[in-house]
Amino acid sequence: MKLQNKINIRFSLITLLVFSVAGLYFYYKLERSINHNIKEMLASRKGYVMLYLRQHSPTDTVIVSPDNSIFIKTVPKIEPYQRFSDTLIFDEDEKELAPARKLTFSYAVNENYYEVIITQSLLESDDLQKIIFYFMVALFVVVLLALSILNRWLSASAWKPFFNSLSLLKSFKIGENSNIQFDKSGIDEFDQLNEILNGLIQKVQADFINLKEFSENASHEIQTPLAIIKSKLEMVLQDKTLTDQQHRQIHAAFESAIRLSKLNSALLLLSKIENRQFVETENIDIIELIKSRLEYLQELIELRQLEVITQFEGEFVVNINPVLAEILINNLLSNAMKHNAEHGSIRIVAGNDEISVCNPGLPLTIEPSKLFERFVKHKTSGDSTGLGLAIANEICKSFHLTLRYEYRENLHCLILSR
Amino acid sequence: MKILVIEDEVNLRETIVAFLEEEGYCCEQAGNLELGSEKTNLYEYDCMIVDIGLPDGNGLSLVKELKKRHPETGIIIISAKNSLEDKISGLDLGADDYLTKPFHLPELNSRIKSLLRRRKFEGRKEICLDKIRILPEDRMVYVQSEPLPLTKKEFDLLVFFVTNPKRVLTKEAIAEHLWGDFADSSDSFDFVYSHIKNLRRKLLEKTGTDYFQNVYGTGYTFIGEA
């Protein structure tokens, strides 16, 4: 939900509440005041009636005032009383029944007893209340309108620096356009926000560069001692006086040093891909690349007694870094070779949108969804680094390709698609 | 043959020098760019092995300088950075070869020998060993003037062994020599085994000598006098 809408809804709700409460209170106060006035009016008219009765002591059974508002009736002896009540009277002017206040009381003058009814129409006060209600509603609508105009104006002017910053942030990509420049807005809060964002961005950029440098330097620093370990061990292995046992132990250390160095370079490669450090791209026909890699691997494939079945149709051209394209295909092919069955096969089907590399083999011992994670290894795959498919997947991600696993017709398939 | 080794890591430099001296080369060493540059000014070398990342500068500048002054010196770059740009710019500047650390010492040896052969004898130098005569440029092998047909890999393997005679060549070094980065799978050792078996058989049939010796299941040694 947009901030503006959110504010509008909250504000409308609160305004509605305030207006309702204020309207009700106003109405209540007004009604009380009107009632009081009417009561006073009735009381004062009662005084006039009593004066009239004292002065004239009329003997007519019924006296009605010209406007029907006073009604005097002569009655037998009655106890003095006084009662206020509500009633409806027919209003001559408005031609309708109108609510009215009624005062009934008894009065005794010189042994004559009278019952008097004085009525007072409430029509005017009713009108007044209506006017108040409509006024409140109209005021509410006007306030809402003013609010929405204010908001529109605010978002166009006052919020402008905020939206500017937002669009700048949207276009920001780490490691690319390294400098983001926020304009001074003249609004303290936004300037503060921009200042903090600037600080954060600079920190993130610096961390990113540090990390990049760190992974490069770490690799360099690790490769050099590894090179020393390897070469020293290689020298020792030349020693003819070594016993069988010593030779084997040194060779085991030598092997581990080699593995470590391979792992190190694979991790470095992975972080370089993730950091988007391979920027140069070319249009590369992946199918042609597969053909040439297959030729290169032919010997290894023959030695493993694998059958290669290919079905190439169309072309699969991708704008990709050439080094990474080769690594991607190498990893897919060597994965198919490594996890193949005895005398198995590699089936490669390539079309315009999809390339699948399939091989028979033992059932997966790991979740297919975890296949592309780092250091996920098939139980039988001994000394592999467990990074090959992670690297392949990472390459695909950075060049808008997808890599997925499927099990089709008893074959493990890795499918590369656009 | 005089070789200059420029490498800032003392341990690695000394190992390389020790290995090459065993091979019969006369080695000089330098630990930084300044000393290396000084030495190349004073003396002439047949081959220079230079690390790119030196404490006082990039080894590539020395490659450029040396190529101007002594174009006949062979140059091999060794680098911890497996970056394509470095490789390309190094070779563009006139370096003859590029090795990524960590490398196998026999691999370095093999590359130096091949480089010296190409530089000193315009590639016509034969490698002779007992009854075996190898013409590296023509990729031909003769046993007593009779050609011995070998596959590409078997030929590479034979040259690798012949340039490193009497040394233990580990399966890892052999696999890496034959397949480069593809040597990472453990099956590649089976392939090494099967290639060596074939080469061994072919040589045994023609020469009557078994040149290969297994070393405790870790590698092979080529026995034969050059």
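The values are calculated or read from the model by the stated rules, or taken from the named source; none is laboratory data. Given the structure is predicted, the values throughout are model-derived calculations rather than measurements. Here the Cβ positions follow ideal geometry from the backbone for every residue, glycine too, while neighbour counts run over all protein chains shown.
Considering only residues of region B:29-60 that are within 18 Å of the chain's Cα centre (by Cα) and not β-branched (Val, Ile, Thr), which is nearest to the other protein chains (Cβ to nearest Cβ)? Walk me through it before giving the result.
The initial filter retains those residues of region B:29-60 that are within 18 Å of the chain's Cα centre (by Cα), namely B:45-51.
With the extra rule that they be not β-branched (Val, Ile, Thr), the set shrinks to B:45-48, B:51.
Working: B:TYR45: 21, B:ASP46: 22, B:CYS47: 18, B:MET48: 18, B:ASP51: 9 Å.
By that ranking, first place goes to B:ASP51.
Residue check: is A:ASN110 at positive phi and touching a residue at least 24 places away in the same chain (Cβ under 8 Å)? So that I can check it myself, show each step before the final result.
Numbers: at positive phi: yes; touching a residue at least 24 places away in the same chain (Cβ under 8 Å): yes.
Here the answer is yes, as A:ASN110 does meet what is asked.
Starting from residues that are small (Gly, Ala, Ser) and either in contact with a helix residue (DSSP H, G or I) (Cβ under 6 Å, 6 or more places away or on another chain) or within 14 Å of chain B (Cβ to nearest Cβ) (or both), keep the ones in region A:319-378 and report whichever is surrounded by the most Cβ atoms within 10 Å (Cβ to Cβ).
Taking region A:319-378 first, the residues small (Gly, Ala, Ser) are A:325, A:334, A:336, A:341, A:344-345, A:350-351, A:356, A:361, A:369.
Then drop every residue that is not either in contact with a helix residue (DSSP H, G or I) (Cβ under 6 Å, 6 or more places away or on another chain) or within 14 Å of chain B (Cβ to nearest Cβ) (or both), which leaves A:325, A:334, A:336, A:341, A:344, A:350, A:361.
Working: A:ALA325: 20, A:SER334: 21, A:ALA336: 26, A:ALA341: 14, A:GLY344: 18, A:ALA350: 21, A:GLY361: 18.
In this case the residue turns out to be A:ALA336.
Within region A:265-297, restricting attention to residues that are part of a loop (DSSP other than H, G, I, E, B) and more than 13 Å from every other protein chain (Cβ to nearest Cβ), which residue is surrounded by the most Cβ atoms within 10 Å (Cβ to Cβ)?
Going through the qualifying residues, I end up with A:ASN275.
Here is a list: A:ASN217, A:ASN198, A:ASN194, A:ASN164. Which entry is more than 30 Å from B:GLU22 (Cα to Cα), within 14 Å of chain B (Cβ to nearest Cβ) and not small (Gly, Ala, Ser)? Write out each step before concluding.
Details: A:ASN198 fails: within 14 Å of chain B (Cβ to nearest Cβ); A:ASN194 fails: within 14 Å of chain B (Cβ to nearest Cβ); A:ASN164 fails: within 14 Å of chain B (Cβ to nearest Cβ).
Within the list A:ASN217, A:ASN198, A:ASN194, A:ASN164, the selection yields A:ASN217.
Can you name every residue in region A:76-90 that is among the aliphatic types (A, V, I, L, M) and surrounded by fewer than 17 Cβ atoms within 10 Å (Cβ to Cβ)? Can you show your working first?
Filtering region A:76-90 for residues among the aliphatic types (A, V, I, L, M) gives A:78, A:88-89.
Answer for region A:76-90, where residues must be among the aliphatic types (A, V, I, L, M) and surrounded by fewer than 17 Cβ atoms within 10 Å (Cβ to Cβ): A:ILE78, A:LEU88.
So which residues in region A:220-237 are crowded, with 19+ Cβ neighbours inside 10 Å and at the interface with chain B (Cβ under 7 Å from one of its Cβ atoms)?
A:GLN223, A:THR224, A:LEU226, A:ALA227, A:ILE228, A:LYS230, A:SER231, A:LYS232, A:GLU234, A:LEU237
Return only the number of the condition from (1) more than 9 Å from chain B (Cβ to nearest Cβ); (2) without any contact (Cβ under 8 Å) to a residue 60 or more places away in the chain; (3) more than 30 Å from A:PHE214 (Cα to Cα) that A:ARG248 does not satisfy.
(1)
Only one of these conditions is not met by B:LEU148: (1) within 10 Å of chain A (Cβ to nearest Cβ); (2) touching a Lys or Arg at 6+ places or on another chain (Cβ under 7 Å); (3) touching a residue at least 24 places away in the same chain (Cβ under 8 Å). Which number is it?
Every listed condition holds for B:LEU148 apart from (1).
Quick check: anything in region A:91-104 hydroxyl-bearing (Ser, Thr, Tyr), touching a strand residue (DSSP E or B) at 6+ places or on another chain (Cβ under 7 Å), surrounded by 15 or more Cβ atoms within 10 Å (Cβ to Cβ) and part of a strand (DSSP E or B)?
Start the filter on region A:91-104 by keeping residues that are hydroxyl-bearing (Ser, Thr, Tyr), which leaves A:104.
The next check asks that each one be touching a strand residue (DSSP E or B) at 6+ places or on another chain (Cβ under 7 Å); those that pass are A:104.
This time we only want the ones that are surrounded by 15 or more Cβ atoms within 10 Å (Cβ to Cβ), so: A:104.
Subset that is part of a strand (DSSP E or B): A:104.
Yes, the conditions are met somewhere in region A:91-104.
Can you tell me which residue is farthest from the other protein chains (Cβ to nearest Cβ) among those in region B:80-111 that are closer than 22 Å to B:THR170 by Cα and among the polar types (S, T, N, Q)?
The selected residue is B:SER110.
Any residue that is surrounded by 11 or more Cβ atoms within 10 Å (Cβ to Cβ), hydroxyl-bearing (Ser, Thr, Tyr) and at pLDDT 85 or above - is there at least one of those in region A:56-72?
no
So B:ALA173 fits all but one of (1) more than 19 Å from B:THR100 (Cα to Cα); (2) at pLDDT 85 or above; what number is the exception?
(1)
Exactly one condition in (1) assigned to a helix (DSSP H, G or I); (2) touching a residue at least 24 places away in the same chain (Cβ under 8 Å) is not met by A:VAL308; state its number.
(1)
Tell me which residues, restricted to region B:80-99, are at pLDDT 85 or above and in contact with a Phe, Trp or Tyr (Cβ under 9 Å, 6 or more places away or on another chain).
Correct list: B:LEU91 only.
Kindly establish whether A:PHE208 is within 11 Å of chain B (Cβ to nearest Cβ) and touching a residue at least 24 places away in the same chain (Cβ under 8 Å). Give the steps one after another, and end with the answer.
Numbers: within 11 Å of chain B (Cβ to nearest Cβ): no; touching a residue at least 24 places away in the same chain (Cβ under 8 Å): yes.
Considered against the rule, which asks whether it is within 11 Å of chain B (Cβ to nearest Cβ) and touching a residue at least 24 places away in the same chain (Cβ under 8 Å), A:PHE208 comes out as no.
Taking the condition of being in contact with a Gly (Cβ under 6 Å, 6 or more places away or on another chain) and part of a helix (DSSP H, G or I), how many residues in region B:19-59 meet it? Give the derivation first.
Keep residues of region B:19-59 that are in contact with a Gly (Cβ under 6 Å, 6 or more places away or on another chain), which gives B:30, B:33, B:47, B:50-52.
From what's left, part of a helix (DSSP H, G or I): B:33.
Within region B:19-59, residues that are in contact with a Gly (Cβ under 6 Å, 6 or more places away or on another chain) and part of a helix (DSSP H, G or I) number 1.
Here is a list of conditions, (1) away from chain A (no Cβ under 11 Å); (2) at pLDDT 80 or above; (3) touching a helix residue (DSSP H, G or I) at 6+ places or on another chain (Cβ under 9 Å), and B:GLY123 meets all of them except one; can you say which number that is?
B:GLY123 satisfies every listed condition except (2).
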